[in-house]
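The values are calculated or read from the model by the stated rules, or taken from the named source; none is laboratory data. Keep in mind it's a predicted model, so treat the numbers as computed, not measured. Using ideal geometry, Cβ is built from the backbone for each residue, glycine included, and neighbour counts are taken over all protein chains shown. Side chains included, ligands, DNA and RNA excluded: accessible areas come from the protein's heavy atoms. Shrake-Rupley method; radii C 1.70, N 1.55, O 1.52, S 1.80 Å.
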Amino acid sequence: MKKIFLFLCFFSLFSCVGYEPLFSTKKLSYYIESIENVNNDSITKKISKNLDNNKIKKNNKKGYMLEISSIKNNVVTSRNSKGQVSTYEMTLGVNVKVFDNNTNLLIDKLRFNKKFSYNNQVNKFNLNQYKKNIMKGMINKISEDIAIKLQLL
């Protein structure tokens with residue numbers, strides 16, 4: 001029994017030796033020359049910051065220029081019998097225009113939409129922190145989706 005346990009421990013420790021992030025900059029077939037934030041708001045700035053890792057230039061990679069715009073919306077989806085808000089829905093829409101670096105021609109228009117429903121809370125500080133965490137997760141997911149789409153172009 002001890003031998004099996006030691007073998008499993010040994011195997012689990014050394015099985016992650018070759019770990020590399022899925023979208024590491026080494027294996028990307030593109031680089032981002034520039035990112036223009038159309039709205040100049042915090043959402044587009046955070047997406048741009050997440051994509052900054054892809055700005056490593058290589059000779060054999062395709063170069064892209066991006067224009068990013070975003071729309072955030074909070075909507076009341078239900079109220080209780082007293083008329084107080086009980087649930088909200090947060091939507092985040094991001095539009096990305098992809099231009100070729102060499103010719104400045106529009107290659108593609110990408111659209112990403114994320115929705116999340118959440119309950120109202122009595123403590124407004126906790127509600128705001130929760131909304132910030134939701135928004136951060138949505139922004140990170142959209143940034144990953146943009147990187148995947150650019151890889152496929």
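So, Ile139, is that one touching a residue at least 40 places away in the same chain (Cβ under 8 Å) and farther than 14 Å from Lys72 by Cβ or not?
Details: touching a residue at least 40 places away in the same chain (Cβ under 8 Å): yes; farther than 14 Å from Lys72 by Cβ: no.
No.
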Report summary line: By residue number, the members of the range 100-118 that are farther than 20 Å from Leu150 by Cα and open to solvent by 50 Å² or more (accessible area, probe 1.4 Å) are Lys115, Phe116, Ser117
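Considering every residue within the range 145-152, establish whether at least one is among the polar types (S, T, N, Q), assigned to a helix (DSSP H, G or I) and without any contact (Cβ under 8 Å) to a residue 60 or more places away in the chain. Steps first, answer last, please.
Within the range 145-152, the subset among the polar types (S, T, N, Q) is 151.
Pick out the ones that are also assigned to a helix (DSSP H, G or I) and you get 151.
Right, trim to without any contact (Cβ under 8 Å) to a residue 60 or more places away in the chain and you get none.
No, the range 145-152 contains no residue that is among the polar types (S, T, N, Q), assigned to a helix (DSSP H, G or I) and without any contact (Cβ under 8 Å) to a residue 60 or more places away in the chain.
Consider Lys97 carefully, then state whether it is farther than 26 Å from Asn128 by Cβ and surrounded by 13 or more Cβ atoms within 10 Å (Cβ to Cβ). It would help to see each step written out before you state the result.
Numbers: farther than 26 Å from Asn128 by Cβ: yes; surrounded by 13 or more Cβ atoms within 10 Å (Cβ to Cβ): yes.
Yes; evaluated as a whole, the condition is true for this residue.
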Query raised in the report: Are any residues in the range 60-73 assigned to a strand (DSSP E or B) and surrounded by 11 or more Cβ atoms within 10 Å (Cβ to Cβ), and if so, which ones?
Result: Lys62, Gly63, Tyr64, Met65, Leu66, Glu67, Ile68, Ser69, Ser70, Ile71, Lys72
Requested in this report: Evaluate the range 44-66: report whether one residue or more is at pLDDT 90 or above, within 15 Å of Met138 (Cβ to Cβ) and more than 18 Å from the chain's Cα centre (by Cα).
Outcome: no
Report summary line: Asn102 fails exactly one of (1) under 19 Å from Ile35 (Cα atoms); (2) of a type in the set (S, T, N, Q); (3) assigned to a strand (DSSP E or B), namely (3)
Query raised in the report: For the subset of the range 75-99 comprising residues that are free of Cβ contacts under 8 Å to residues at least 24 places away in the same chain and assigned to a strand (DSSP E or B), which member is nearest to the chain's Cα centre (by Cα)?
Result: Gly93
Report task. Could you list, in sequence order, all residues of the range 125-143 that are farther than 16 Å from Ser42 by Cβ and open to solvent by 100 Å² or more (accessible area, probe 1.4 Å)? Result -> Phe125
